[in-house]
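This is the structure I want to talk about, given as structure tokens.
The values are calculated or read from the model by the stated rules, or taken from the named source; none is laboratory data. Every value quoted in this text rests on a predicted model; they were computed, and no experiment measured them. FYI the Cβ positions are ideal-geometry reconstructions off the backbone, even for glycines, and counts take in every protein chain you see. Each accessible area value is taken on the protein alone, full model and side chains, heavy atoms only, with ligands, DNA and RNA left out. Shrake-Rupley method; radii C 1.70, N 1.55, O 1.52, S 1.80 Å.
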Amino acid sequence: MNLDDLDLFKKIDTQNMLTQIDGLPSQLQSAWELGQNQTLPAFADIQNIIIAGMGDSALAAELTVASVSSTIRLPVTVHRGYGLPAFANDKQTLVICISHSGNSEEVLDAFEAAQKNKCSLLVISTGGELTKRASEKNIPIWKVDYKGMDTTAIAFPFALLLALLSRLGLIPDPAKDVAEAIAMMKRSQQHIVADVIAAKNPAKRYAGQLVGRWVTFVGTETLAPVARRWKTQINQLAKAGANFEIIPEATHNTLIATINPNPTLNAHTMTLFMRAPSDHPRNRLRSDLMRQAFMLEALNTDVIDARGESIIAHLWTLIIFGDYMAYYLAMAYGADPSEENAFLNFKDTLAGSP
């Protein structure tokens, strides 16, 4: 389809997700300010942190961990699933339960486990059953007031977690890096918003290359959450297949898959490598060599670079690029990016099963 036909965009995009993507820098700014104004619980002698979440909430937690991994001196675990690890068994473990809707059953189960094990607790949510249970037990709640879809609300759990860690004195104040990330996202938007024609819009061009192809996103350790985010946005917005790989691990196994190429299948794949100035030099070399190996086997590849100086800027300039790319791919397929029938039908089936 014509990715410059904005009138057609409006017909396909029934809930105007494009506006929510356009507002991502402002959302990050608002979320950061919100985190400075929330009541700070009196957590004492915290020795480790578990962040319980699913989907985009867990992804936001992983982005936070990637942002602070070089400065935080406590172990931080992102927990996707039911219950909690066995080491979460006293007040020294801070369990942060995040659910946009407040109704994720895995997070509710982790919440109950945290109470049973007498862990310190904090809830981040827009409402739902999670905030109801937390209110009944006088457990601190950081409430988010965001009416859009959870997939476009990712800046809120990220910024609130970052603000919490900073205000607890567990990391240096990241305000300067957050400001840089917002500025760099806005600068990036000058080239990738919908008004910019495809001939000059890299996000539209990449989306065009992904049509009819299974895409793999490859990032280094720090960029792992971004690679996952790009994968899930292709799934959720464009209703298309994708996967992600992480370097250095991918160079120990995925790379070897080039030994027995399948020309028929390979013609319908695309591998996008993401890079950032914060990459470890050896990981950058691994990424370049892996891409070279793919190219020698006639596999479709390309590279997308992060912008800015801080890790937070690197993460978020790639996040916003990937959101636009996934959106344009949805438009190319004629898929409503806000439609969630497959997931909702699955939840209904799950709810009716013992």
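Report, ordered by the first and then the second residue, all pairs with beta carbons closer than 9 Å, sequence separation of six or more or different chains, a first member in segment 244-266 that is open to solvent by 60 Å² or more (accessible area, probe 1.4 Å), and a second member that is part of a loop (DSSP other than H, G, I, E, B) and of a type outside the set (A, V, I, L, M, F, W, C).
Close Cβ pairs (under 9 Å, with a partner that is part of a loop (DSSP other than H, G, I, E, B) and of a type outside the set (A, V, I, L, M, F, W, C)) amount to 259/297.
Restricting to segment 98-135, count the residues that are part of a loop (DSSP other than H, G, I, E, B) and basic (Lys, Arg).
1
Moving to a separate point now. Please tell me if residue 71 is open to solvent by less than 70 Å² (accessible area, probe 1.4 Å), under 23 Å from residue 220 (Cβ atoms), among the β-branched types (Val, Ile, Thr) and assigned to a loop (DSSP other than H, G, I, E, B).
Yes: the conditions hold for residue 71.
How many residues are of a type in the set (Asp, Glu) and under 15 Å from residue 230 (Cα atoms) if we restrict to segment 195-218?
Adding up the residues that qualify gives 0.
If you don't mind, there's one more thing I want to ask. Restricting to segment 136-150, and then to whatever is closer than 15 Å to residue 20 by Cβ and either out of contact with any Gly (no Cβ under 8 Å at 6 or more places or on another chain) or in a loop (DSSP other than H, G, I, E, B) (or both), can you tell me which residue is most open to solvent (accessible area, probe 1.4 Å)?
147
Would you mention how many residues in segment 163-175 are open to solvent by 50 Å² or more (accessible area, probe 1.4 Å) and either free of Cβ contacts under 8 Å to residues at least 40 places away in the same chain or closer than 18 Å to residue 276 by Cβ (or both)?
2
Within segment 198-240, count every residue that is part of a helix (DSSP H, G or I) and closer than 20 Å to residue 63 by Cβ.
18
Here's something else I'd like to know. When the residues of segment 107-135 are filtered to those that are open to solvent by less than 10 Å² (accessible area, probe 1.4 Å) and β-branched (Val, Ile, Thr), which remaining residue is nearest to residue 43 (Cα to Cα)?
Here the answer is 123.
I've got another one for you. For segment 257-294, what are the residues that are under 20 Å from residue 212 (Cβ atoms) and over 21 Å from the mean Cα position of the chain (by Cα)?
Hits for segment 257-294 are 261, 262, 263, 264, 265, 266, 267, 268, 269, 294.
From the set of residues in segment 305-327 that are of a type in the set (Asp, Glu) and open to solvent by 10 Å² or more (accessible area, probe 1.4 Å), which is nearest to residue 338 (Cα to Cα)?
The residue in question is 305.
Okay, next question. Just the residues that are open to solvent by 80 Å² or more (accessible area, probe 1.4 Å) and not polar (S, T, N, Q), please, taken from segment 286-297.
Within segment 286-297, 286, 289, 295, 296 meet the criteria.
Could you grab me the full set of residues in segment 181-205 that are more than 23 Å from residue 311 (Cβ to Cβ) and not small (Gly, Ala, Ser)?
Correct list: 193, 195, 196, 197, 200, 201, 204, 205.
Same structure, new question: Count, please, the residues in segment 183-214 that happen to be under 18 Å from residue 320 (Cβ atoms) and either among the aromatic types (Phe, Trp, Tyr) or open to solvent by less than 20 Å² (accessible area, probe 1.4 Å) (or both).
10
Restricting to segment 88-102, count the residues that are open to solvent by 10 Å² or more (accessible area, probe 1.4 Å) and either of a type in the set (D, E, K, R) or modelled with pLDDT of 95 or more (or both).
Residues that pass the stated criteria total 3.
Within segment 147-167, how many residues turn out to be modelled with pLDDT under 95 and over 17 Å from the mean Cα position of the chain (by Cα)?
Counting residues in segment 147-167 that are modelled with pLDDT under 95 and over 17 Å from the mean Cα position of the chain (by Cα) gives 1.
Which residue pairs have Cβ atoms under 8 Å apart, sit 6 or more places apart or on different chains, and have a first residue in segment 267-296 that is among the β-branched types (Val, Ile, Thr) and a second that is assigned to a helix (DSSP H, G or I) and surrounded by 21 or more Cβ atoms within 10 Å (Cβ to Cβ)?
271/294
Cβ-Cβ under 7 Å, sequence separation 6+ or interchain: first residue in segment 16-42 and surrounded by 14 or more Cβ atoms within 10 Å (Cβ to Cβ), partner of a type in the set (Ser, Thr, Tyr) and outside any helix (DSSP H, G or I). Which pairs?
So the pair list comes out as 17/338.
Specify the residue that is modelled with the lowest pLDDT; the eligible residues are those in segment 328-354 that are of a type in the set (Ser, Thr, Tyr) and open to solvent by less than 30 Å² (accessible area, probe 1.4 Å).
In this case the residue turns out to be 338.
So which residues in segment 43-62 are within 20 Å of residue 173 (Cα to Cα), under 18 Å from the mean Cα position of the chain (by Cα) and surrounded by fewer than 24 Cβ atoms within 10 Å (Cβ to Cβ)?
Answer for segment 43-62, where residues must be within 20 Å of residue 173 (Cα to Cα), under 18 Å from the mean Cα position of the chain (by Cα) and surrounded by fewer than 24 Cβ atoms within 10 Å (Cβ to Cβ): just 62.
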